[in-house]
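Trainee: The following block contains the structure, expressed as C-alpha cells.
The values are calculated or read from the model by the stated rules, or taken from the named source; none is laboratory data. On a predicted model such as this, the values are computed, not experimentally measured, just so you know. Glycine gets a Cβ as well: all are built from the backbone with ideal geometry, and neighbour counts include every protein chain shown.
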Amino acid sequence: MMASQMISQGQEAVECGLCQNPVSFFCRRCGVNLCDSCLPEHVRAKHDVVDYASKDDDDVCFCDSHPEKKCYAYCKKCDVPICILCVSIKHRSHEISELQDKVEELLKDISGENDRLQSFRHEMETLLDHTTKQLSSLSSFYQQKKDEVTARGKEWHKLIDNHVKKLHQELDELQKQSESAIQKQKREFEEMIGKMDEMNKKTTQLQKCQNVTEMQKFRPVIKEQKKLREFTQYIYPTFLECKIDENYLQTYFGYIEKMQERKIPLLEKNVMPDPDSDRKVLEAPSVSSVIDTGFPAYEENNNRLYDMAVTDDQKVWMGGESCELKLFDLQGHLHRTITITTQGLYICMYNKQVVYSHRDVLNKAVKKISDDIVVTMFTTGDWSPYGITDSASGDLLVCLLKDDQSKVVRYSSTGTVLQEIQYDSQCQPLYQWAYYITENVNGDIIVTDFKMKKVIAVDRLGIFRYSYSGGKSASSFATDSVGHVFVTDFNGDKIHMLDRDGRFLRYIIPEGGIKRPRAVCMIGDGEMIVGECLTGLAKRIKFLEEQT
C-alpha cells in the first residue's frame, strides 16, 4: 500500500500542494504537501522533506487567502507568505521569492536581536547576585551602623539617650526604604532575565519552523525588548560624628547621611583582545635606558621617586619628594619643571594634561597643570585624595581616605560625584587604604591597598572581581592593551605579571635587577618604565620578544 493511501482512513484526504494526488510527504523548505510523484524533485534538491504524518502544523504558516493551503512562496510587494494558488492568481504580477529566503532573513534578524539580549544576560545575573547578597547583608550592615551610633552615645551617657533613640528610628526607617528599593530592583532584574529567557525560548522555537506569520509577529516584539541602560547604585547611609556639645546634639553628636541613588550607565562591553600567544616574555628582560630624576631623598625613609605618567608623545611626567613635577623624554632629557605645593605622590594624564592629588589640612583637592599654571579642578571635602587615574568614559577615578574609611570615587571633570565604590556585596568595606588605582581595558577598576598589601579589582559597577596578594608588598601597577596587570613589589624587588582575571603568570626581573620598584607605566609594545623609589632612577625595560 502506498504512503498516500495510508495517510488517513476515515478522515478527509489531503491533496498534494502541486497536483491533485493524495499527500504523502511535507517539504519544510517549500512549505508544501507532496505526493509520491512530486517527492523525487524535492529530494534531488536536498530539501527538508518529512512524512506528512510527522509534520507539525505549528511549524508552517497557512495562506491568508486560502486558509486550507500552506504557504511555500513569499510576495515581496505585499510582504506576505502565499500559497501556490496565490502565485498564479492574486500575486502573479508581483515579485515572488522562495519562502525559505524570507524565513532565513527573519531568523537572521530575530537571532541577532536575541544574541543582543543574551549577551547582556551574564551581566544581569551578576547584578542580580550582587543585589541578592546586598539584601541578605542589609541587616548586619545597619546593625553595624547602629553599633557606631550606640558607641558614640555611651560617651554622652544619659544626656543623649533620646537622641540615640531618634537616630535608631531613623536607621530603621532607612533600612525599610533600602530593603524596599533593593527588593524592587531585584524583582526588576528577575523579570528582565525571565523576559530574556522567554525571547530565547521563542527564538529557538522559530528556528525550528517555517511559520513566517509567527516570525513577523515576533520580530517587533523582540526588537522592543530593551536592555538595561543604567544600574541604580544605592549609597548606604553613613554615621557622621561631630564634636560633642551639650547644646547642639543634632549638630555635634552626629547624624545619619541618607541613602543616595546614582545612575550608573551600563555601556556596551568592548570586545576584549586575546593575549598575543606568539609573543613571549623574555627570560632576562633588558634595561634599554635609565633616567635619573634627581629628586631628593625624604629624611625618614630615603624615598625619592613616587609616581609617573606617560604623555601621548612618549614623554614621562615624574613626581617625587620635592614639590615639583618633571617632564622627561625617554632618553632622560629634562623638558619642563613645574613647581607645586605638595609632593608629587599621585599623578596621571587626563585630557593631555598632567593631573595630581593635593592634600593638606585645609586643602584636599584634585589639581591639573594648564599652560604651566596650577588649576584646581575640584575639592574632595574631608576625604584625602590618593591614587588617581583617567578612565575610558572620560571621568576621573580617585582613591579617598578619611579616618579608617577608604573608597574609590568616580568624578566628572567638574567634580560631580558619579559613582562611589566602598562596600562589597556583603556590605563589608572593600578597602582599608586604597592608594594607587588604574582602569583595565575590560573596565575593571584596580587598586592597591596599603594596609592589606594586596591588589583589589572590581568591575565597572563596583562589584568585587578578585584580589591578589602574592608578593611581599603591592605598590603600583600598570595594564597593557590585552589586560595584563603588572604589579610592582616594593619589598620583593620584582614585578608580578597577572592575567586580566588576577591570576599570576610570572615575575619580571630585568638584567641587573630592580631595587624597590614603585611607579610603573607601559610605554609601548612590550616595554615598561619602572621607577626605583629609593634611588630616584626610572628604568626602561623591554620584556617581550621581538615579533618575527
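Residue-wise test of (1) touching a Leu at 6+ places or on another chain (Cβ under 9 Å); (2) more than 18 Å from residue 434 (Cβ to Cβ); (3) of a type in the set (S, T, N, Q).
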| position | (1), (2), (3) |
| --- | --- |
| 360 | no, yes, no |
| 375 | no, yes, no |
| 380 | yes, no, yes |
| 383 | yes, no, no |
| 388 | yes, no, no |
| 396 | no, no, no |
| 401 | no, no, no |
| 404 | no, no, no |
| 410 | yes, no, no |
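Trainee: Is it fair to say residue 24 is farther than 16 Å from residue 214 by Cα, among the small types (Gly, Ala, Ser), modelled with pLDDT of 75 or more and surrounded by fewer than 22 Cβ atoms within 10 Å (Cβ to Cβ)? Walk me through it before giving the result.
Mentor: Numbers: farther than 16 Å from residue 214 by Cα: yes; among the small types (Gly, Ala, Ser): yes; modelled with pLDDT of 75 or more: yes; surrounded by fewer than 22 Cβ atoms within 10 Å (Cβ to Cβ): no.
It is false that residue 24 is farther than 16 Å from residue 214 by Cα, among the small types (Gly, Ala, Ser), modelled with pLDDT of 75 or more and surrounded by fewer than 22 Cβ atoms within 10 Å (Cβ to Cβ).
Trainee: Looking only at strands (runs of 3 or more DSSP E) that lie completely in the stretch 34-95, which have at least 1 residues being at pLDDT 85 or above?
Mentor: By residue number, 73-75, 80-82.
Trainee: Tell me, please, whether a residue that is in contact with a helix residue (DSSP H, G or I) (Cβ under 7 Å, 6 or more places away or on another chain) and without any contact (Cβ under 8 Å) to a residue 40 or more places away in the chain can be found in the stretch 45-55.
Mentor: yes
Trainee: Which count do you get for residues in the stretch 302-337 that are part of a loop (DSSP other than H, G, I, E, B) and either under 31 Å from the mean Cα position of the chain (by Cα) or among the acidic types (Asp, Glu) (or both)?
Mentor: Step one: list which residues in the stretch 302-337 are part of a loop (DSSP other than H, G, I, E, B), which gives 302-304, 311-314, 321-323, 330-333.
If we keep only those that are either under 31 Å from the mean Cα position of the chain (by Cα) or among the acidic types (Asp, Glu) (or both) too, we end up with 311-314, 321.
Total satisfying the criteria: 5.
Trainee: Could you name every one of the strands (runs of 3 or more DSSP E) located completely within the stretch 441-483 that has at least 2 residues being in contact (Cβ under 8 Å) with a residue 24 or more places away in the chain and buried (at least 21 other Cβ atoms within 10 Å of the Cβ)? Outline the logic, then answer.
Mentor: On the way: elements: 445-449, 454-458, 464-468, 477-479.
Per the criteria, 445-449, 454-458, 477-479.
Trainee: Of 111, 139, 178, which residue is free of Cβ contacts under 8 Å to residues at least 40 places away in the same chain and either part of a helix (DSSP H, G or I) or of a type outside the set (A, V, I, L, M) (or both)? Steps first, answer last, please.
Mentor: On the way: 111 fails: free of Cβ contacts under 8 Å to residues at least 40 places away in the same chain; 178 fails: free of Cβ contacts under 8 Å to residues at least 40 places away in the same chain.
Matching residue, one of 111, 139, 178: 139.
Trainee: Regarding the stretch 228-249, can at least one residue be identified that is surrounded by fewer than 13 Cβ atoms within 10 Å (Cβ to Cβ), in a helix (DSSP H, G or I) and either polar (S, T, N, Q) or under 28 Å from the mean Cα position of the chain (by Cα) (or both)?
Mentor: Kept after step one, since they are surrounded by fewer than 13 Cβ atoms within 10 Å (Cβ to Cβ), are these residues of the stretch 228-249: 229-230, 240, 243, 245-248.
Subsequent filtering for residues that are in a helix (DSSP H, G or I) retains none.
Looking for residues that are surrounded by fewer than 13 Cβ atoms within 10 Å (Cβ to Cβ), in a helix (DSSP H, G or I) and either polar (S, T, N, Q) or under 28 Å from the mean Cα position of the chain (by Cα) (or both), one finds none in the stretch 228-249, hence no.
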